[in-house]
Amino acid sequence: PLSPAAVVGAGLGGSAAAYFLQQHFGPQVQLDVYEAAGVGGRLATVTVNKQQYESRGASIHALSLHMQDFVKILGLKHRREVAGKSAIFSGEHFVLEETDWYLLNLFRLWWHYGISFLRLQMWVEEVMEKFMRIYKYQAHGYAFSSLEELLRSLGGEAFVNMTQRSVAESLLEVGVTQRFVDDVIAAVLRSSYGQSVLVPAFAGAMSLAGAQGSTWAVEGGNKLVCSGLLKLTKANVISARVTGISLHSSEGRALYQVHYESTEGQGSAFYDMVVVTTPLHPSRSNFTFENFDPPIADFPGAFQPSVTSVVHGYLNSSYFGFPDPKLFPFTSILTTDTPDLFFHAMDNICPVNISAAFRRKQPQEAAVWRVLSQQPLDKHQLKTLFRSYYSVQVAEWQAYPRYDAARALPPIVLHESLFYLSGVEWVASSMEMTAVAAKNVALLAYNRWHQELEKIDQKDLMHKVKTEL
């Protein structure tokens, strides 16, 4: 039997990994979860006027089956949707505006961009349809020892290639026009990853699926999923920063010593199995691996700095070409890739607890806006977007991998029973991708521990799963 196991990080990856490990290894597994900052990781909230607002990781795609499951198991609720319209701003004018009337929106897209819009939808749907196979594989207990193998089992070499070439290249190839890429695709990727149409095709497809599908969020804040899963698994949460892992062996089996620093000082503990869910990149953590032979290599790649400013104030609608704020119709503004635009996106956000009586503020009233940018906004920029404001809360964070295509994906298996979860972000970064990776790591750990090797990296899984049903 597996004795103690450690999970490093208590964001969504860590809490989901703890939950799935316990599901597969049984309730007797002792789980220690190390977290330096606070449970929830990037799923943080900020308080404005006694109300809490989601400061980042905000929306979850309708097809996110693991996230749906977590919400059900934990007895949480979907947050009430508050309708609003979005538009894409070029710095001078709106290139695309949403209306109340769905058919008119389609007509506008069609009128502006012709068949590009349809081709985009078909491309995204094809990717999503294949991606959804992962749930069947996981339900049957199949796991993958590398991100490449996981992708290959879903969509063959084509899926692996999608992590090595840009979304722009892939879309132009299926006949989407450059204009549609520049106006629409660029705006969506800026608002989701803060990056350009050069992000890899797979990460792009996931982000575009979220932009065109229906999305939801958790009543009370998405971070409740993390605290809920940790409570449910009765995991022992240790508030400490892990500084490194050293390898020891006992009776022919690997034993991992986790070194940490807490307010009490330094400490360490031994584990049969460790799952690391914090990013192992020099820019993110100074994490050391000792006594490993061959040594565990450095992780390439950097993270994209990103700034979220939550501003309580009056929108300067004239900047967007609406001198009368009462007539400003949008609650969400995306932007094209224009050199002088200093922000990626902004939206009029609702609190995490939405009462039945809640209504969104009118454009002429003071509202809470979330502005995403790459650099902190200076006074002049804030004055450009807002006539006046009561408060600005700024969170700077290394949000997403800096995606430049054509680099090998990080490994999942670092050593016999030492696993790395965050590498999945280099495929695509979303709450559901993290949950899928957590389930894969738990299954992989279980199959390896019990030597069920026929459940790892199986070829031709679609066929096997069909015949097993």
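The values are calculated or read from the model by the stated rules, or taken from the named source; none is laboratory data. Because the structure is a prediction, the values reported are computed rather than measured. FYI the Cβ positions are ideal-geometry reconstructions off the backbone, even for glycines, and counts take in every protein chain you see. Areas reflect the complete protein model, heavy atoms only, side chains present, ligands, DNA and RNA absent. Shrake-Rupley method; radii C 1.70, N 1.55, O 1.52, S 1.80 Å.
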Checklist entry - Among the residues of the stretch 162-178, is there at least one that is in contact with a Ser or Thr (Cβ under 7 Å, 6 or more places away or on another chain), touching a residue at least 24 places away in the same chain (Cβ under 8 Å) and outside any loop (DSSP other than H, G, I, E, B)? => result no
Item to check | Out of Tyr319, Tyr390, sole residue that is aromatic (Phe, Trp, Tyr), in contact with a His (Cβ under 8 Å, 6 or more places away or on another chain) and at pLDDT 95 or above | outcome: Tyr390
Checklist entry - Residue check, Ala240 against (1) modelled with pLDDT under 95; (2) within 30 Å of Asp293 (Cβ to Cβ), all met but one. Which one? => result (1)
Item to check | Members of the stretch 209-233 found to be under 30 Å from Glu416 (Cα atoms) and touching a residue at least 24 places away in the same chain (Cβ under 8 Å), listed by number | outcome: Val225, Cys226, Ser227, Gly228, Leu229, Leu230, Leu232, Thr233
Item to check | Answer from Leu414, Leu421, Leu377 - the residue that is open to solvent by less than 40 Å² (accessible area, probe 1.4 Å), within 20 Å of Leu280 (Cα to Cα), modelled with pLDDT of 95 or more and out of contact with any helix residue (DSSP H, G or I) (no Cβ under 6 Å at 6 or more places or on another chain) | outcome: Leu414
Next on the checklist: Can you tell me how many residues within the stretch 190-215 are hydrophobic (A, V, I, L, M, F, W, C) and open to solvent by less than 20 Å² (accessible area, probe 1.4 Å)?
Outcome noted: 7
Checklist entry - What are the residues in the stretch 191-224 that are of a type outside the set (Phe, Trp, Tyr), part of a helix (DSSP H, G or I) and within 14 Å of the chain's Cα centre (by Cα), if any? => result Ser191, Ser192, Ala203, Gly204, Ala205, Met206, Ser207, Leu208, Ala209, Gly210, Ala211
Checklist entry - Does Ala168 satisfy the condition of being open to solvent by less than 20 Å² (accessible area, probe 1.4 Å), within 16 Å of Tyr113 (Cα to Cα) and of a type in the set (A, V, I, L, M)? => result yes
Checklist entry - In the list Glu129, Glu157, which residue meets the criterion of being part of a helix (DSSP H, G or I), within 28 Å of Ala58 (Cα to Cα) and open to solvent by 20 Å² or more (accessible area, probe 1.4 Å)? => result Glu129
Next on the checklist: Could you check the stretch 315-339 and list, in sequence order, the residues that are open to solvent by 70 Å² or more (accessible area, probe 1.4 Å) and under 15 Å from Ile88 (Cα atoms)?
Outcome noted: Asp337
Item to check | Of all residues in the stretch 22-47 being free of Cβ contacts under 8 Å to residues at least 60 places away in the same chain and within 29 Å of Ala58 (Cβ to Cβ), the one that is most open to solvent (accessible area, probe 1.4 Å) | outcome: Ala37
Checklist outcome for this item: Among the residues of the stretch 131-164, the number that are within 22 Å of Ser422 (Cβ to Cβ) and of a type in the set (Lys, Arg) is 1
Checklist entry - Within the stretch 292-314, can you find the residues that are open to solvent by 30 Å² or more (accessible area, probe 1.4 Å) and at pLDDT 95 or above? => result Tyr314
Next on the checklist: Tell me whether the stretch 39-52 contains one or more residues that are of a type in the set (Ser, Thr, Tyr) and at pLDDT 95 or above.
Outcome noted: no
Checklist entry - Residues Ala297, Ala302: which one is free of Cβ contacts under 8 Å to residues at least 40 places away in the same chain and of a type in the set (A, V, I, L, M, F, W, C)? => result Ala297
Checklist entry - Of all residues in the stretch 225-254 being more than 21 Å from Ala37 (Cα to Cα) and either open to solvent by 40 Å² or more (accessible area, probe 1.4 Å) or acidic (Asp, Glu) (or both), which is farthest from the chain's Cα centre (by Cα)? => result Glu251
Item to check | strands (runs of 3 or more DSSP E) contained entirely in the stretch 265-361, each with at least 3 residues that are over 21 Å from Arg42 (Cα atoms) | outcome: 265-271, 288-290, 303-315, 332-335
Checklist entry - If we scan the stretch 172-183, do we find a residue that is within 30 Å of Thr338 (Cβ to Cβ), aromatic (Phe, Trp, Tyr), touching a helix residue (DSSP H, G or I) at 6+ places or on another chain (Cβ under 7 Å) and surrounded by fewer than 24 Cβ atoms within 10 Å (Cβ to Cβ)? => result yes
Checklist outcome for this item: Among strands (runs of 3 or more DSSP E) entirely within the stretch 366-469, at least 1 residues that are in contact with a Gly (Cβ under 8 Å, 6 or more places away or on another chain) occur in 367-373, 386-401
Checklist entry - Of all residues in the stretch 92-113, which are in a loop (DSSP other than H, G, I, E, B) and loosely packed, with under 15 Cβ neighbours inside 10 Å? => result Glu92, His93, Thr99, Asp100, Trp101
